[in-house]
Each structure stands twice: as C-alpha cells, then as structure tokens.
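Before any comments, here is the structure.
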Amino acid sequence: NVMDGEIDRCIQVTERLLKLSTPPSELPELVAVEQVTPEVISLLNAEADRSRTKITLDLVGSLRVIAADGDLRMLVLNIAQNAFHAMPSGGTLLIRGRVLNDNIVIDVADSGSGIAPEDLPRIFQPFWSRRADGAHGTGLGLPICREIVRRHGGSITVSSTVGEGATFTVTLPWAEARIETL
C-alpha cells in the first residue's frame, strides 16, 4: 500500500543521509578508476538500451587513486544516473578520464536538458532536486558525491548550457604521483 511505500522511501533517505555523515567502512586502498568505471557503467546498460542512451568510455592511462572502493563506485553511479535523469528521451553520455598534473580528472558529460544558471549554485545542497524526467529525486545524490570527493582530497565542479547538457568534472589526487613522493 501507499503507506508502506512511503515508509520504505523514508528509510532509504535516512540510510543515504547516514552515508553522508559516516566515514567509509572500508579502508582506503589502491583503486583503478579505469577498471571500476566500466564495471559500474555495465549496471546501467539495460537502462541505457531502454532510454536510447549511448554510453562512451574514454579512460586513458593508469587512473589509480587511494580511496574506498565502494565510495568510488557510488560516486560514478550517482553521477551517471544523474545524467540519465537529465536525458529522459535518450542521448549520449561520455565518461572521460585522464591524468593531469598530479591528479586524475574524470569528466561525465551528457547531452541532456542542462542546468539553469540560477540552479547551478544549489545542485549540491541536500534535498534540492530538479529532474528533467519529472520524477521527484531525494536531492541526496550530488551531496553524497561531493562528500565522497572531499573525503578523498578532491573536488567536483559542473559546467552546463541549458538545452545542450552538463559536464561534471571530478578531480582526485593521482595515487602514482603520491607513491613517488612517499
């Protein structure tokens, strides 16, 4: 019934909020972004086929970071799912990864509806949600992403043009640069 559904939704929101505030359960380890990303994206293949979205991965080099594996998977999944929500009638999703200076840079670019300039400052605020597919999100996906990135010494930014799409850029310290300096 409706009440059970709403209770389940409340529990899910609470669990996601707790994830924001608790440290990762796993210890940081060497995680290869170029291996984790295709594994996570493979979970979205059925959704991509249904929504006529073409996914392209362009991951160059050894993109290793010192991170909690589960955190990194949740980061990739949340940003990719956001892109899907921005493209309710399909489109293209490009995930590009490369080493730049002593960081790895991951761009997640979609051809969706884009984000209005007045909304850009608010998208990382908890509970703020405005989805192009008309569904009501919890508004926790991007705040969780930002927390994960901060926890690992990185940054997340977004650039967008309304009607043309959005690009989320995640920058994380490159493990191989850190290993050389230890």
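The values are calculated or read from the model by the stated rules, or taken from the named source; none is laboratory data. Quick caveat: nothing in here was measured; it's all calculated off a predicted structure. Counting neighbours? That spans all protein chains shown, and the Cβs are built from the backbone with ideal geometry, glycine included. Remember, those area values only see protein heavy atoms, side chains included, never the ligands or the DNA or RNA. Shrake-Rupley method; radii C 1.70, N 1.55, O 1.52, S 1.80 Å.
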Original post:
Efficiency by 1/(1 + (r/R0)^6): what FRET value for VAL162 and GLN125, r their Cβ-Cβ distance, R0 = 25 Å, to the nearest 0.05?
Top reply: 0.80
Original post:
Of LEU27, LEU140, LEU57, which has the largest mean-square fluctuation in a 10 Å C-alpha GNM of the chain?
Top reply: LEU27
Original post:
Once amide H atoms are placed 1.01 Å from N in the peptide plane, what residues at a sequence separation of 5 or more from ALA68, or on another chain, have their amide H within under 5 Å of its amide H?
Top reply: GLU29
Original post:
If you average 1/r over every pair of different alpha-carbon atoms in segment 117-178 and take one over that average, what Kirkwood value in Å do you get?
Top reply: 13.0 Å
Subject >> Relative counts (whole %) of C-alpha pair distances in the chain, using bins that are 5 Å wide >> reply: 1, 8, 16, 20, 20, 17, 11, 5, 2, 1, 0, 0
Original post:
Which length gain, in nm to one decimal place, applies between GLN81 and VAL2 when the Cα-Cα distance is subtracted from 0.36 nm times their residue separation?
Top reply: 25.9 nm
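Per residue, what accessible area does the chain have, given a 1.4 Å probe and all protein chains present, in Å²?
Details: 9850 Å² over 182 residues.
Value for the chain: 54 Å² per residue.
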Original post:
What is the distance in Å between the Cα centres of segment 66-136 and segment 141-169?
Top reply: 6 Å
Subject >> Spin-label model distance (nm) - SER155 vs LYS54, 7 Å beyond Cα toward Cβ >> reply: 3.3 nm
**OP:** Please give the FRET efficiency for ILE11 paired with SER89, using the beta carbon to beta carbon distance and R0 = 41 Å, rounded to the nearest 0.05.
**Re:** 0.80
**OP:** For the chain, calculate the relative contact order in percent as a whole number, restricting contacts to Cα pairs under 8 Å that are 6 or more residues apart.
**Re:** 22 percent
Original post:
Is any residue of segment 52-83 close enough, with backbone N under 13 Å, to a label point placed 7 angstrom from the Cα of SER42 along the Cα-Cβ axis, and if so, which?
Top reply: none
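Per DSSP H run of n ≥ 4, the term is -39500 (n - 2.57); total these for the chain, divide by its residue number, and report the mean residue ellipticity at 222 nm rounded to 500 deg cm²/dmol. Intermediate values should be presented prior to the final figure.
Working: 6 runs with 71 residues, N = 182.
Rounded to the nearest 500, it is -12000 deg cm²/dmol.
Probe radius 1.4 Å, ligands and nucleic acids ignored: give me the carbon and sulfur share of the accessible area of the chain as a rounded percent. The partial results should precede the final answer.
Working: 5320 of 9850 Å².
Of all accessible area on the chain, carbon and sulfur atoms account for 54 percent.
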Original post:
For the chain, modelled as a GNM with alpha-carbon contacts under 10 angstrom, which of GLU29, GLU118, GLU39 fluctuates the most?
Top reply: GLU118
